[in-house]
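Accompanying notes for the structure given below.
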Amino acid sequence: MIYTVEKEDLKIGVSACLIGEKVRYDGGSKTSDFCNLELANHVVFKSFCPEVAIGLPIPRPTIRQIKKNDMITVARPDGSGDVTEALQAYGKKVASMTKDLSGYIFCAKSPSCGMERVKVFNPEGNALPSKGVGLFAQEIMAANPLLPCEENGRLIDPILRENFVARVYAYKHWQTVEASGLTKHKLTTFHSQYKYTVMSHDLVAYKNLGQLLARADLPLADMAQQYIAGLMAALTIIATRKKHANTLAHIQGYFSKHLQSDERQELCKQIDSYREGLIPLFVPLTLINHYLLRYPKEYLTKQAYLSPYPDELKLRYAY
């Protein structure tokens, strides 16, 4: 990794039930193996259960989102025990206390913590076609629009999992640079380290961010705000095999004067095999990193794309 961070310095918010805390309505948990067995080795979790925090007991009657006259409330299925304002107030409170977080993992489908696709019912108890957002999660995301957020259910997908973790580490890197006292030089250096990362996600953003940093009429604070907003938005776009392959081909160009014919052909073959879905991403990346050791290129050694997070997570092995 170009940017290393100690475990104790990388904090991620999480729904308490996902790390084994028995706080669910039935007195159980919804333990995530990825969170507990893999990610926990590299980050510190700060857990929250808004339903318990606002005073609901364990176990407790279920609550749901109920829509009436375009208004959403969270209450028991019969409409009693309205906790709408309490959940929103607690969400605002936590949001104001979590500026040190570099990511958040929510419990899917929860009326309080669901990030999306939360079931909404009418007062008669029938599910509506429209889907909602958990009231607590909504407050966290609204107050921290740059914060990488994901749900436990979506993290089962290896591509979404890799995307989330990469965003967390990039955002933490940004937080560290910003906390050190941002300068134009630090901003341009940061951007240079993420050029190939952005290229693998969104070519339009790649061009726009470069043009943004070239502006001489923009105050540094405004430039930095626009830059990180553009970067984090670009990184939410899933990097496809085609985009990765094109990025790898650009990187290959740095070795064109050094590789023998058979070495060049082997690298081309691996990039094409990856593009066609025959091998995972770590295979051509391993060869590129091997050539980088043999033929050092200072610019490439500083690219986050080649090692965006700890190798032990093995997130590029599955796609």
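The values are calculated or read from the model by the stated rules, or taken from the named source; none is laboratory data. This one's a predicted model, so the numbers in the text were calculated from it and none came from an experiment. With ideal geometry, Cβ positions are generated from the backbone for all residues, glycine too; neighbour counts draw on all protein chains shown.
Taking Ile19 as meeting all but one of (1) closer than 19 Å to Met141 by Cα; (2) surrounded by 15 or more Cβ atoms within 10 Å (Cβ to Cβ), write down the number of the exception.
(1)
Being in a helix (DSSP H, G or I) and within 30 Å of Ser110 (Cβ to Cβ) is the requirement here; does Gln175 meet it?
Details: in a helix (DSSP H, G or I): yes; within 30 Å of Ser110 (Cβ to Cβ): yes.
In short, yes.
Within region 116-130, does at least one residue satisfy the condition of being touching a helix residue (DSSP H, G or I) at 6+ places or on another chain (Cβ under 7 Å) and among the polar types (S, T, N, Q)?
no
Find all pairs meeting these conditions: Cβ atoms under 8 angstrom apart; at least six residues apart or on different chains; first residue within region 165-184 and on the phi > 0 side of the Ramachandran plot; second residue surrounded by 19 or more Cβ atoms within 10 Å (Cβ to Cβ).
Correct list of pairs: empty, since none qualify.
Show the residue pairs meeting these rules: Cβ distance below 7 Å; 6+ apart or different chains; first residue within region 300-318 and in the same structural domain as Lys172 (by TED's automatic domain parsing) and among the polar types (S, T, N, Q); second residue at pLDDT 95 or above and not in a loop (DSSP other than H, G, I, E, B).
So the pair list comes out as Thr301/Leu292; Gln303/Gln193; Gln303/Tyr196.
Quick one: which helices (runs of 4 or more DSSP H) lie wholly within region 229-319 and hold at least 3 residues that are charged (D, E, K, R) and under 18 Å from Pro158 (Cα atoms)?
241-252
Inside region 25-36, can you point out the residues that are in contact (Cβ under 8 Å) with a residue 24 or more places away in the chain and assigned to a loop (DSSP other than H, G, I, E, B)? Working first, answer last.
Initially, region 25-36 is screened for residues in contact (Cβ under 8 Å) with a residue 24 or more places away in the chain, giving 25-27, 30, 32, 34-35.
Selection gives Tyr25, Asp26, Gly27, Lys30, Ser32.
Give Arg241, Arg275 a once-over and let me know the one that is touching an Asp or Glu at 6+ places or on another chain (Cβ under 9 Å), among the basic types (Lys, Arg) and either in the same structural domain as Glu162 (by TED's automatic domain parsing) or on the phi > 0 side of the Ramachandran plot (or both). Full working, then the answer.
Working: Arg275 fails: touching an Asp or Glu at 6+ places or on another chain (Cβ under 9 Å).
When all the criteria are applied, what remains is Arg241.
Without any contact (Cβ under 8 Å) to a residue 40 or more places away in the chain and at positive phi, is that true of Asp78?
Working: without any contact (Cβ under 8 Å) to a residue 40 or more places away in the chain: yes; at positive phi: no.
Here the answer is no, as Asp78 does not meet what is asked.
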